[in-house]
Amino acid sequence: MEKIKRYIYIAPAVIFIGVFFLYGFFQGFLQSFGLYRIVGESSFTLDYYMETIKSKSFWDSLLFTSRMAVVSSTVSLLISVGIIYIIYMNMERKFVKEERFQKIVESPLLVPYLIASYLILILFMQSGTISKLMVALGIIEDYSKFPILTNDRRGIGIMIAYIWKTTPFIVMMAIPVLKRVKSKWDSLAHIFNVGKTRFFFEVALPLMGPSLLMSFFIILAYIFTAFEVPYMLGVTYPKALAVGAYEIYSRGSLDDRPSLMVINMIISFISLGSGVLVYIINKVFVGKNKGAWE
Amino acid sequence: MKKIKILYIVVMILFLLPFGALILESLRPCTWYYVYTDIKTYKAIATTVIVAVATLILNIAIGTPAASVLARREFPGKKIVELIILLPLIIPSFVTSMGIHFTFIKLGLAETFLGVTLIHTVLTLPYYIRSTVVGYGTLGEGYEMMGKIMGASGLKRFFYITLPHIMPSVIAGSSLVIIVSFAQYLNTLIIGGGRIITVPILMFPYISSGDMGAGAVYSFSYITINFLLIFLLEKSVKGIYNKKMSGEKLW
């Protein structure tokens, strides 16, 4: 009885996700092979995959999305390490209130991506806040002299929005590790007279490595699949994969469905792959470093 | 060491800059008047709240029993169950929403409150379950057993023993559910088909064009509510913990 009860407790959640999530994914998967079509004949075909792989706009989108993902997450990672470093330097001497600083750095986490894009837009667009201030101060003559930083081909606005949103995430994930490293190894460092900076880069940073790496891949995977930021801050060409998929979808033609699902499947497999990677990093490194915590 | 202090201030300013721009741009009383005298604003707020609350109720009903088992029992297939519950966080949600849209049309769920609520529930369930698992993880079975020995019924045991203990993580999970549900744009648009107008859908045309008026007012209100929710959450969770720490022994 007790044994069956477990499955009864767990069943609603599994069935719910199965019916409303996995089934939707499975439908998309079948449709990408030309099966289970809404209109017309259904038969198994790889044509839609071939068509997508051969199209230039798909490769441009993939390249653009990859560049956004890699550049934004790398810059976020570097900035986070800098911020963690100054948080570490501040831990003992308390120049500033630590808690307030952390709250401020983590505040972008509470802003959804949609609104974060808007904030970056009004801050950096040609008639935006910075531009207005510069005109008022007489640094530039008028709005048109301000560089185009949003809805630009290079995706600068997109990257700024991502960096602003994701840096706090990396910092937030790493701070608990930093605190543990400090409480565990700080006294030893004192005994051996290791300087603070050296301790940070040679002891604390390597021990925070797995956490940083995991956050990095979580962000990378997220940006690959994200829709809101590039939709608001991007240009019509090249566009992010998710934006491309949405535009095909919103055209509403049922004939396009299989090609749409092909793009969706590619996006899903990229993020699934990153998920597996995060899992492996977690298993391998966290296990390996265990000695440092005991 | 003055350098570090200056760095601190520079970092803080950089992080606060976007908020600063928002505050500057939303200083227009007539836009506030326009937004808050428009009936559409209130309709959208009502829709958003109804969907979020319904999503939360479904989460509690479905997620709590699952979390209690996942936290404390081993059974064959547990790893698979955990993976299934994690999947909505890994596979982008719009992929499945687009996939299931046609089925929803056939079932009459597209463009309805229920359809949107179901999709929001799927997306928030992983957060709720993971958070509640943490709460159950620290609850020894002995406490419930004790209740059983002393003759408390199942419901009584849940409300007087289990619930007070897992409350902080249930509150944390619930606020995550509400925040994630509030923030949904694309999934609501796909399943709601432009019929179910939540706040993000209502404000999208304004903010996507970089509109400084209504866009700023909507964003300002949204962020304020989000911050307030988090503040209340922290306070209530801390309150519960403090109560436990100070004399008032729960067990």
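Quick note: the coordinates plus some simple rules give every number you see, no bench work behind them. No experiment lies behind these values; they were computed from the predicted model shown. Here the Cβ positions follow ideal geometry from the backbone for every residue, glycine too, while neighbour counts run over all protein chains shown.
Let's see if you can work this out: charge +1 on each Lys and Arg Cβ, -1 on each Asp and Glu Cβ, no other charges. What is the dipole magnitude of the stretch B:1-144 about its Cα centre, in debye to the nearest 20?
On the way: 12 positive and 7 negative charges, 101 e Å.
Its charge dipole is roughly 480 debye.
Hand me the chymotrypsin sites (Phe, Trp or Tyr not before Pro) from the stretch A:158-208 located in a DSSP loop with no more than 12 other Cβ atoms within 10 Å, in residue order please.
A:192
If you place +1 on the Cβ of every Lys and Arg, -1 on the Cβ of every Asp and Glu, and leave all else neutral, what size is the dipole of the stretch B:34-243 about its Cα centre, to the nearest 20 Debye?
With only Lys, Arg, Asp and Glu charged at Cβ, the dipole is about 500 debye.
Please report, in debye to the nearest 20, how large the charge dipole of the stretch A:58-293 is about its Cα centre when each Lys and Arg carries +1 at its beta carbon and each Asp and Glu carries -1 there.
Dipole magnitude for the stretch A:58-293 comes out near 900 debye.
Using a 7 Å offset from the Cα along the Cα-to-Cβ direction at both residue B:78 and residue A:74, what is the distance between the two label points in nm, to one decimal?
4.2
For a quick check, take a GNM of chain A with Cα springs below 10 Å and name the residue from A:204, A:189, A:11 with the largest mean-square fluctuation.
A:11
With Kirkwood's inverse mean 1/r over C-alpha pairs for Rh, give me the Rg to Rh ratio of the stretch B:34-243, two decimals please.
Looking at the stretch B:34-243, the ratio lands at 1.04.
Based on C-alpha coordinates, I'd like the Rg and Dmax of chain A, in Å.
Cα-based Rg and Dmax for chain A come out at 23.9, 79 Å.
Which whole-number percent is the relative contact order of the stretch A:58-293 (Cα, under 8 Å, 6+ apart)?
Contact order relative to length: 28 percent.
So if we plug the beta-carbon distance of residue A:37 and residue A:247 into 1/(1 + (r/R0)^6) with R0 = 22 Å, what FRET efficiency do we get, rounded to 0.05? Please list the in-between numbers first.
Numbers: r = 21 Å, r/R0 = 0.94.
Plugging the Cβ-Cβ distance into 1/(1 + (r/R0)^6) gives 0.60.
How far is it, in nm, from the label point at residue A:63 to the one at residue A:272 when both lie 7 Å from their Cα along the line to the Cβ?
With each label point 7 Å from Cα toward Cβ, the separation is 2.8 nm.
What is the projected area of the convex hull of the Cα atoms of the protein assembly as shown, averaged over all directions, in nm²?
The directionally averaged projection comes out at 30.5 nm².
Hey, could you grab the Kirkwood Rh for the stretch A:101-230? Inverse mean 1/r over distinct alpha carbon pairs, Å, one decimal.
Working: mean 1/r = 0.0573 Å⁻¹.
Answer for the stretch A:101-230: a Kirkwood hydrodynamic radius of 17.4 Å.
State, to one decimal in nm, how far the label point of residue A:284 lies from the label point of residue B:146, with both points 7 Å from Cα in the Cβ direction.
4.6
Once you've got the GNM for chain A with C-alpha springs shorter than 10 Å, pick whichever of A:53, A:115, A:15 has the biggest mean-square fluctuation.
Looking only at A:53, A:115, A:15, the biggest GNM fluctuation is shown by A:15.
Given B:209, B:219, B:181, which one lies farthest toward the positive end of the charge dipole of the stretch B:133-251, if we put +1 on the Cβ of every Lys and Arg and -1 on the Cβ of every Asp and Glu?
Result: B:181, furthest along the dipole toward the positive end.
Hey, if you put +1 on the Cβ of every Lys and Arg and -1 on every Asp and Glu Cβ in the stretch B:1-126, which of B:90, B:61, B:120 ends up farthest toward the positive end of that dipole?
Farthest along the dipole direction, towards plus: B:90.
What does the extension gain come out to for residue A:23 and residue A:187, with contour length at 0.36 nm per residue minus their alpha carbon separation?
Value of the extension gain: 53.6 nm.
Rounded to the nearest Å, what's the spacing between the alpha carbon centres of the stretch A:75-93 and the stretch B:161-216? Just the number, please.
Taking the Cα centre of the stretch B:161-216 as reference, the centre of the stretch A:75-93 is 32 Å away.
How many angstrom lie between the C-alpha centres of the stretch A:18-52 and the stretch A:159-178?
Taking the Cα centre of each part, the stretch A:18-52 and the stretch A:159-178 sit 37 Å apart.
Take peptide B:70-79, look around each residue's Cβ out to 10 angstrom, count Cβ atoms belonging to other protein chains, and average those counts.
For this peptide, the per-residue mean of nearby foreign Cβ atoms is 2.
Residues in the stretch A:199-229, backbone N under 16 Å from the label point at residue A:91 (7 Å along the Cα-to-beta-carbon vector): list them, ranges by number please.
Answer for the stretch A:199-229: A:199-212.
Inverting the mean 1/r over all pairs of different Cα atoms, compute the Kirkwood radius of the stretch A:126-166 and quote it in Å.
This gives a value of 11.0 Å.
Among A:146, B:99, A:172, flag the residue with its Cα farthest along the positive direction of the charge dipole of the protein assembly as shown, charges on Cβ as +1 for Lys/Arg and -1 for Asp/Glu.
With unit charges placed on the Cβ atoms, the residue in question is A:172.
Stretch residue A:7-residue A:135 to full length: gain in nm at 0.36 nm per residue minus the Cα-Cα span?
39.5 nm
Counting other C-beta atoms within 10 Å, which of B:224, B:121, A:52, B:48 has the fewest, and how do the rest follow?
Fewest-to-most Cβ neighbours within 10 Å comes out as B:224, A:52, B:48, B:121.
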